[in-house]
Amino acid sequence: MTSATLTTLFLEAVERFGSATALRAPSADLTWSRISYDEVFRTTRAAASGLRALGVERGEAAAILSGNRPEWAFADYACLCAGVRDVPIYPSLTAPQIAYILRDSGARAVFAEDEVQLAKLMEIRDQCPELRHIIVFDAPGEMPDGVLAWRDFVQLDPVGLSDEAFREEALAARPESVATILYTSGTTGNPKGVLLTHANVGSNVNVCRTLLDISDTDTTLSFLPLSHVFQRTVDYVFFNVGCTIAYARDMTTVAEDLKIVRPTVAVSVPRLYERVYNAVTGATGVKGLLVGWAASVGLAHADAVLEGRDPGWWTRTRKAVADKLVFSKLRAAVGGRLRFFVSGGAPLSPGINRFFFAAGLQILEGYGLTETSPVTNVNTFENFRIGTVGKAVPGTEIRIASDGEICIRGPQVMKGYFNRPEETAEAIDEEGWFKTGDIGELDEDGFLRITDRKKDIIVTAGGKNIAPQPIENDVKLDPYIEQAVMVGDRRPFPSLLVVPDFEQLNQWAAASEIDASDPGALLRDARCQEFLGGRVKESLAGLASFETPKKTAFLATTFTIEDGTLTPTQKVRRRTVEERYDALIESLYDAANVDRDWFAG
């Protein structure tokens with residue numbers, strides 16, 4: 001694939017689409033205002049002039065501490081066009097975590113979303129000697145000294161650069177120039193700054209726009225954090241091809257925003273699909289029987305289509321009825337116009353993917369990492385295989401090491417880790433192969449299947465290797481289970497920590513005349529443990545004896561980003577979970593509890 005800078009891609013899109021709608025921003029009355037490509041260009045130019053007026057020079061760094069919104073894109077494009085390395089920071093991070101990133105990156109300026117983020121910055125400002133300027137999108141009534149409101153920032157240089165001078169400045173970026181420093185969320189220790197060049201991300205944008213069926217007739221809802229490379233790179237693709245980008249109000253309103261915006265394409269992590277799947281399949285009574293029938297019919301039809309067989313007139317007829325009674329309502333719940341989803345960030349359960357396919361909502365699962373900008377593999381309409389993350393994208397090589405680790409070589413592989421030459425050398429060998437840390441296999445047709453994270457593989461005391469993610473995904477298919485984490489490294493057998501779906505469980509408790517007012521007390525109830533435990537055992541049927549969890553602990557508290565047990569992209573921080581529930585895990589292996597199968601924590 002040809003190299004391209006992100007600024008070239010930006011200017012090309014502005015030139016092609018001009019007055020067309022580029023972005024849509026939510027407002028209090030649940031309408032989404034429209035911002036044209038020309039307006040994005042003018043605001044980006046003003047913001048780049050503002051950076052120049054503040055003395056932030058080409059090659060220096062500026063951070064963005066905000067949720068998804070138009071100003072995020074304006075600040076990002078302004079940094080790219082001014083040659084400033086931007087440093088996205090998750091707004092869910094604490095003040096000390098933010099301070100570490102600002103110090104490590106040497107950020108001279110930071111764009112903050114609102115008063116909440118500003119308060120964090122004021123708390124740690126003295127700890128960041130390089131930080132000179134703070135710009136706030138939603139400025140409070142009284143501004144601290146040295147803090148600028150966004151509206152004033154874009155007026156710092158009222159004359160600013162001419163269109164021609166601004167374009168010349170933007171096009172000064174070279175493919176090998178560092179565009180951004182992305183700090184990995186990580187599960188242990190301090191995050192590492194990943195250096196991605198214009199060529200790294202630009203090559204990914206070029207390849208994705210050729211593989212994915214997206215055009216200027218599409219609309220998307222942007223809700224995954226732009227601080228993560230997945231949504232950010234995809235939004236570059238959307239912008240470049242003329243697809244209108246509407247921003248969700250926040251992560252808690254996505255379900256409602258999908259119905260209002262009615263996107264035709266969207267990207268998400270598996271957590272969204274798991275929630276939708278459990279909400280649909282968790283129905284009870286007559287509705288539950290109808291959903292169960294529709295699912296069985298839909299899956300029979302889907303399997304025939306996926307295998308290239310004729311489903312037959314009887315299956316097609318029943319599928320049409322199931323579609324009208326059940327699946328059409330599911331499609332309406334995501335806006336009614338959605339052509340396909342793209343999934344990434346973590347492995348997607350094949351069972352959930354099959355269910356969505358049966359419902360007429362195709363999920364194109366892909367794979368990549370922050371260090372690979374991110375896409376290395378993706379399923380497409382032409383090459384689609386559930387249970388895999390697709391074939392390697394053009395220009396990318398995949399190699400499976402002797403221990404099963406996936407290695408990647410291609411134009412999207414990072415320049416390195418910022419100020420960490422030794423760790424860069426460990427990650428990328430002399431031939432340019434990047435070691436992903438994931439275990440996987442390539443089938444005979446070149447489709448890649450992910451087994452698990454190398455560091456997450458459980459090795460029992462008996463020397464058996466267990467990949468926990470596929471087993472956890474099978475457990476989470478049950479509508480009464482929301483989260484599951486397998487433990488048991490160097491233990492005699494594996495065990496499970498399970499967080500129930502309390503909305504579903506409370507309905508069961510009410511029907512069973514069991515008090516559900518206290519989640520902890522509910523999970524200690526023997527009837528509840530027997531019910532949940534039986535469902536867990538059923539989901540584990542078919543596993544080898546050594547990989548079957550022997551003990552299950554039910555947790556009353558959901559894993560969240562806020563409490564540190566989830567990363568900002570909804571992946572479980574296993575080490576944090578194991579540390580938090582250390583005493584409970586020890587009790588699973590206590591000889592005194594040899595006859596107990598269920599525990600509550």
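Please treat every number below as a calculation from the coordinates, not as lab data. Only a predicted model underlies this, so the values are computations on that prediction, with no experimental measurement involved. In this analysis, Cβ positions are derived from the backbone assuming ideal geometry, glycine residues included, and neighbour counts consider all displayed protein chains.
Quick check on region 428-471: take the gyration tensor over C-alpha atoms, sort the square-rooted eigenvalues as a ≥ b ≥ c, and tell me if it's rounded (a/c under 1.5), prolate or oblate.
Values: a/c = 2.71, a/b = 1.44, b/c = 1.88.
In terms of gyration-tensor shape, oblate.
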Inset, instruction - Keeping to pairs on different chains or 8 or more places apart, tell me how many lysine pairs in region 457-600 have Cα atoms under 22 Å apart. - result: 9
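Please give the FRET efficiency for Arg399 paired with Arg490, using the beta carbon to beta carbon distance and R0 = 25 Å, rounded to the nearest 0.05.
Details: r = 30 Å, r/R0 = 1.19.
For R0 = 25 Å, the calculated efficiency reads 0.25.
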Legend entry - Simple spin-label estimate for Ser328 and Trp313 in nanometres, 7 Å along Cα-Cβ: 2.3
Legend entry - Linear extension gain, Thr210 paired with Met122, 0.36 nm per residue minus alpha-carbon span: 27.2 nm
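Report the extension gain between Asn419 and Asn190 in nm, rounded to one decimal, defined as 0.36 nm multiplied by the number of residues separating them, less their alpha carbon distance.
Numbers: separation 229, 0.36 × 229 = 82.44 nm, distance 1.33 nm.
Full-extension gain reported as 81.1 nm.
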Legend entry - Rounded to 10°, Cα long-axis angle of helix 115-124 versus longest principal axis of the chain: 80
Legend entry - Length-normalised contact order of the chain in % [C-alpha pairs under 8 Å, at least 6 apart]: 11
Inset, instruction - With percent of Cα pairs over 45 Å apart defined as stated, name the option among (i) 27; (ii) 19; (iii) 44 computed from the structure displayed. - result: (ii)
Legend entry - Radius of gyration, Dmax [region 347-459; alpha carbons; angstrom]: 15.0, 49
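Restricting the count to DSSP beta bridges whose residues both fall in the chain, what percent are antiparallel, rounded to a multiple of 5? The partial results should precede the final answer.
Working: 39 of 78 bridges.
Within the chain, antiparallel bridges account for around 50 percent of the total.
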Legend entry - Between 0 and 90°, nearest 10: helix 285-306 axis offset from the chain longest Cα axis: 70
Inset, instruction - Estimate the FRET efficiency between Ala165 and Asp138 by the formula 1/(1 + (r/R0)^6), using the beta-carbon distance for r and 30 Å for R0, to the nearest 0.05. - result: 0.45
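Where does each of Lys550, Lys391 land when they are ranked from fewest to most other beta-carbon atoms within 10 angstrom? Please list the in-between numbers first.
Working: Lys550 16, Lys391 22.
Ascending Cβ contact count within 10 Å gives the list Lys550, Lys391.
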Legend entry - Cα long-axis angle, helix 313-322 against the chain (0 to 90 degrees, to the nearest 10): 70
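What do the square roots of 5 times the Cα gyration tensor eigenvalues come to for region 457-600, in whole Å, largest first, as semi-axes of the equivalent ellipsoid?
23, 18, 15
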Legend entry - Helix-only mean residue ellipticity at 222 nm for the chain, each DSSP H run of n ≥ 4 adding -39500 (n - 2.57), per residue, nearest 500: -11500 deg cm²/dmol
Inset, instruction - Using the number of other C-beta atoms within 10 angstrom as an exposure proxy, rank Trp314, Trp72, Trp150, Trp433 with the fewest first. - result: Trp314, Trp433, Trp150, Trp72
Inset, instruction - Quick one: check the C-alpha center-to-center distance for region 550-586 versus region 1-70, whole angstrom. - result: 38
Legend entry - Sequence of Lys120, Lys324 once ranked by neighbouring C-beta atoms within 10 Å, starting from the fewest: Lys324, Lys120
Inset, instruction - Evaluate the charge dipole of region 411-550 about its Cα centre and quote only its size in Debye, nearest 20, assuming +1 on the Cβ of each Lys and Arg and -1 on the Cβ of each Asp and Glu. - result: 500
Inset, instruction - Under 25 Å Cα to Cα from Lys319, which lysines show up? Leave out anything in the same chain fewer than 8 places away. - result: Lys259, Lys287, Lys329
